[in-house]
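Contents: one structure, followed by commentary.
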Amino acid sequence: VYDANDKAIGEVSNLVLAADGKATDVVIDVGGFLGMGEKPVALPLADVDILREAEGEDLRVYLSQTKEQLEAMPNFAG
């Protein structure tokens with residue numbers, strides 16, 4: 001997951017699905033160090049941009065929020 005300045009700020013850990021099977025939210029792990037102490041937060045799928053690398057298969061998720069804004073959000077307890 002990247003911010004508007006193309007800086008890595010977290011990683012997608014899960015998707016939240018509605019009863020009809022459609023994804024509604026993206027759970028992003030932010031903060032921590034080497035995979036420990038990360039905080040899961042949920043954002044509506046409509047608030048993220050998912051883009052494929054022009055020359056490759058990598059997908060990137062972009063947010064308008066900063067890492068600090070994500071860390072200030074309540075923990076996702078899904």
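We did not get these values from a lab; they are worked out from the coordinates using the rules stated. If you're wondering where the values come from, they're calculated on a predicted model, not measured in any experiment. Here the Cβ positions follow ideal geometry from the backbone for every residue, glycine too, while neighbour counts run over all protein chains shown.
Brief remarks on what is shown
- Restricting segment 52-72 to residues that are of a type in the set (A, V, I, L, M) and outside any loop (DSSP other than H, G, I, E, B) leaves a set whose member that is nearest to the chain's Cα centre (by Cα) is V61.
- Members of segment 10-60 that are farther than 21 Å from A77 by Cβ and among the aliphatic types (A, V, I, L, M): L34, A46, I50, L51, A54, L59
- Enumeration of residues in segment 10-51 that are surrounded by fewer than 10 Cβ atoms within 10 Å (Cβ to Cβ) and part of a strand (DSSP E or B): F33, M36
- Hits in segment 29-78 - residues which are over 20 Å from N5 (Cα atoms) and touching a residue at least 40 places away in the same chain (Cβ under 8 Å): F76, G78
- Test: A4 is without any contact (Cβ under 8 Å) to a residue 24 or more places away in the chain and either assigned to a loop (DSSP other than H, G, I, E, B) or touching a helix residue (DSSP H, G or I) at 6+ places or on another chain (Cβ under 8 Å) (or both): no
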